[in-house]
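Student: I have a structure I would like to understand better, so I am pasting it below and will then ask my questions one at a time.
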Amino acid sequence: MVIRRDSAALVSCLVGVAMVLAACSGGTSAPPPAPAAIGVPVANGKPINPTTPIVVDATGGELTAVTVTNAAGKKVDGKLDATATHWTTSEDLGYGGTYTVDATAVNSDKKPTTKSFTVTTITPDDTAYANVVPAPDVVSDVGIGVGQPMVFQFTKPVKDKAEVTKHLKVTTTPAQPGAWYWIDDQNVHYRGPEYWKPGTKIHIEADVYGVDLGGGVYGAEDNAVDYTVHDSWVAKADGATELLTVFHNGEQVKQMPMSLGEPNNPSHTGPHVVSEKAAQTVMDSCTFGVCQGDPGYYRETVYNDLRISNDGEFVHSAPWSVGQQGASNVSHGCVNLSPADSQWMFDHFGLGDVVEITNSGGPPLPVWDTYGDWELSWDQWKAGNA
């Protein structure tokens, strides 16, 4: 058989083309995508603060399901971000809790990955509540007086006062300056350079849940309260004139004779704030050490009582001293008024209203004596003591 040269070239060419085509179509395919990875940054075995959110992240894919449940099986609320790669709890956790995190994510091939984690929270040695004074329900209908400090009263001593103060907030409308001052280890008060403006709306917050108060004690829960300041009622008790002069919103509306503490029991000087109100009170001198059989002992039911200090000072009815009222000081430290005048005071004054005592011969009201807050200058007060 005779093969022509041009035919041999054609065969050779076809074989070459076939080999090239075989080489092009015989390459390896792309590898499948890696599985999505799921991480929980706080799942490291160390207990977290209950205010720290649990976060679930996905890399190389998207989260399709996340549940966080406590030991009782109750779900914790949470939110997924717009990229579906980041989920976080949206509510606080509890103290001393164990939480199970179950998460599912898919990669670009929709192949699922499932992970479970356990997260625990710290267990405090103890917890404390931040209560407010006065109780909101007591003044909700009548409001508070212009001298009423804002008060958080903790149920356990606070050691880290500086840290706790950072978590206390006050908002006033209209805006007025103010500052916190620790009266003792459990009571912190807030006031401004002057009495509140009548009609002021006051919102106070103690955002102390999860806050270390010091000594292993943590805040039990947050607390927030609203108050409204009513009209200004200020009474000025002048021991030099033995007169009690009353001002309503800055205008004098009444003046009445009175008697302050006798020389051996002088009334404290300075602004006093009404902290309690009672139609009648049994006053017993034994509560401050003068008991039955001692000179000066008394136990008497007294009417129209406005407490202005914890040292036993009241504005009240004193029919037994009407003859001395307006002339001399004969009480055990109280502001004595006639039955009619004391009734007028009782009808018009309430919690937070102010009684300013001057020229009594007594020492200033101590800052720690209920509401001796106004005894400190504004510079002293705003400097704080945390």
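Student: Looking for whichever is open to solvent by 30 Å² or more (accessible area, probe 1.4 Å), more than 23 Å from Phe349 (Cα to Cα) and touching a Phe, Trp or Tyr at 6+ places or on another chain (Cβ under 9 Å) here; the options are Asp102, Asp109. Which one fits?
Tutor: Numbers: Asp109 fails: touching a Phe, Trp or Tyr at 6+ places or on another chain (Cβ under 9 Å).
The match here is Asp102.
Student: Gln292 - would you say it is in a loop (DSSP other than H, G, I, E, B) and open to solvent by 70 Å² or more (accessible area, probe 1.4 Å)? Step through it out loud before you land on a result.
Tutor: Numbers: in a loop (DSSP other than H, G, I, E, B): yes; open to solvent by 70 Å² or more (accessible area, probe 1.4 Å): yes.
Spelling it out, Gln292 is indeed in a loop (DSSP other than H, G, I, E, B) and open to solvent by 70 Å² or more (accessible area, probe 1.4 Å).
Student: What number of residues in the stretch 46-79 are hydrophobic (A, V, I, L, M, F, W, C) and farther than 14 Å from Val101 by Cβ? Show your work before the answer.
Tutor: Start the filter on the stretch 46-79 by keeping residues that are hydrophobic (A, V, I, L, M, F, W, C), which leaves 48, 54-56, 58, 63, 65-66, 68, 71-72, 76.
Still in the running and farther than 14 Å from Val101 by Cβ: 72.
Number of matching residues: 1.
Student: Regarding Asp347, is this residue of a type in the set (Asp, Glu), assigned to a helix (DSSP H, G or I) and touching a Lys or Arg at 6+ places or on another chain (Cβ under 6 Å)?
Tutor: On the way: of a type in the set (Asp, Glu): yes; assigned to a helix (DSSP H, G or I): yes; touching a Lys or Arg at 6+ places or on another chain (Cβ under 6 Å): no.
Here the answer is no, as Asp347 does not meet what is asked.
Student: Only residues that are open to solvent by 50 Å² or more (accessible area, probe 1.4 Å) and either under 15 Å from Phe346 (Cα atoms) or among the hydroxyl-bearing types (Ser, Thr, Tyr) (or both): list them for the stretch 254-278, please.
Tutor: Lys254, Gln255, Glu276, Lys277
Student: Then there is this: Going residue by residue through the stretch 76-88, is there one that turns out to be in contact (Cβ under 8 Å) with a residue 60 or more places away in the chain and open to solvent by 60 Å² or more (accessible area, probe 1.4 Å)? It would help to see each step written out before you state the result.
Tutor: Step one: list which residues in the stretch 76-88 are in contact (Cβ under 8 Å) with a residue 60 or more places away in the chain, which gives none.
Taking every residue of the stretch 76-88 in turn, none turns out to be in contact (Cβ under 8 Å) with a residue 60 or more places away in the chain and open to solvent by 60 Å² or more (accessible area, probe 1.4 Å).
Student: Quick check on my filter: what residues within the stretch 216-272 are among the charged types (D, E, K, R), outside any loop (DSSP other than H, G, I, E, B) and under 34 Å from the mean Cα position of the chain (by Cα)? Working first, answer last.
Tutor: Just the residues of the stretch 216-272 that are among the charged types (D, E, K, R), to begin with: 221-222, 226, 231, 236, 238, 242, 251, 254, 262.
Right, trim to outside any loop (DSSP other than H, G, I, E, B) and you get 226, 236, 238, 251, 254.
Scanning the stretch 216-272 gives Asp226, Lys236.
Student: Of the residues that make up the stretch 341-362, is at least one among the aliphatic types (A, V, I, L, M) and over 20 Å from Leu243 (Cβ atoms)?
Tutor: Start the filter on the stretch 341-362 by keeping residues that are among the aliphatic types (A, V, I, L, M), which leaves 345, 351, 354-355, 357.
Okay, now just the ones that are also over 20 Å from Leu243 (Cβ atoms), so 351.
Yes, some residue in the stretch 341-362 is among the aliphatic types (A, V, I, L, M) and over 20 Å from Leu243 (Cβ atoms).
Student: Let me ask something else about it. Give Gly312, Gly362 a once-over and let me know the one that is in contact with a helix residue (DSSP H, G or I) (Cβ under 7 Å, 6 or more places away or on another chain), outside any strand (DSSP E or B), closer than 29 Å to Ile183 by Cα and open to solvent by 10 Å² or more (accessible area, probe 1.4 Å). Steps first, answer last, please.
Tutor: On the way: Gly362 fails: in contact with a helix residue (DSSP H, G or I) (Cβ under 7 Å, 6 or more places away or on another chain).
Exactly one of Gly312, Gly362 is in contact with a helix residue (DSSP H, G or I) (Cβ under 7 Å, 6 or more places away or on another chain), outside any strand (DSSP E or B), closer than 29 Å to Ile183 by Cα and open to solvent by 10 Å² or more (accessible area, probe 1.4 Å), namely Gly312.
Student: Return the residues of the stretch 179-211 that are touching a Pro at 6+ places or on another chain (Cβ under 8 Å) and either touching a residue at least 60 places away in the same chain (Cβ under 8 Å) or not β-branched (Val, Ile, Thr) (or both); say none if nothing qualifies. Walk me through it before giving the result.
Tutor: First, the residues of the stretch 179-211 that are touching a Pro at 6+ places or on another chain (Cβ under 8 Å): 185-186, 189-193, 197, 200, 209-210.
Asp185, Gln186, His189, Tyr190, Arg191, Gly192, Pro193, Lys197, Tyr209, Gly210, listed by residue number.
Student: Do we find that Glu251 is touching a strand residue (DSSP E or B) at 6+ places or on another chain (Cβ under 7 Å) and charged (D, E, K, R) in this structure? Reasoning before the result, please.
Tutor: Details: touching a strand residue (DSSP E or B) at 6+ places or on another chain (Cβ under 7 Å): no; charged (D, E, K, R): yes.
So Glu251 fails the test.
Student: Something else about it: Looking at Ala175, Ala240, Ala235 in this structure, which one is open to solvent by 60 Å² or more (accessible area, probe 1.4 Å) and closer than 30 Å to Val322 by Cα?
Tutor: Details: Ala175 fails: closer than 30 Å to Val322 by Cα; Ala235 fails: open to solvent by 60 Å² or more (accessible area, probe 1.4 Å).
Checking each option against the conditions leaves just Ala240.
Student: Within the stretch 75-122, work out how many residues are of a type in the set (A, V, I, L, M, F, W, C), under 17 Å from Gly210 (Cα atoms) and in a strand (DSSP E or B).
Tutor: Qualifying residue count for the region: 1.
Student: Follow-up question, since we're still on this one. Could you grab me the full set of residues in the stretch 315-332 that are in contact (Cβ under 8 Å) with a residue 12 or more places away in the chain and surrounded by fewer than 22 Cβ atoms within 10 Å (Cβ to Cβ)?
Tutor: So in the stretch 315-332, the residues in contact (Cβ under 8 Å) with a residue 12 or more places away in the chain come out as 315-319, 321-322, 324-332.
Residues satisfying the conditions are Pro319, Ser321, Val322, Gln324, Gly326, Ala327, Ser328, Val330, His332.
Student: Confirm whether Ala162 is exposed (fewer than 14 other Cβ atoms within 10 Å of the Cβ), touching a strand residue (DSSP E or B) at 6+ places or on another chain (Cβ under 7 Å) and not β-branched (Val, Ile, Thr).
Tutor: No, not satisfied.
The values are calculated or read from the model by the stated rules, or taken from the named source; none is laboratory data. Since the structure is predicted, the reported quantities are computational estimates derived from the model, not experimental observations. Every residue, glycine among them, receives a Cβ derived from its backbone with ideal geometry; neighbour counts consider all protein chains shown. We work out accessible area using only protein heavy atoms, side chains counted, and drop any ligands, DNA or RNA first. Shrake-Rupley method; radii C 1.70, N 1.55, O 1.52, S 1.80 Å.
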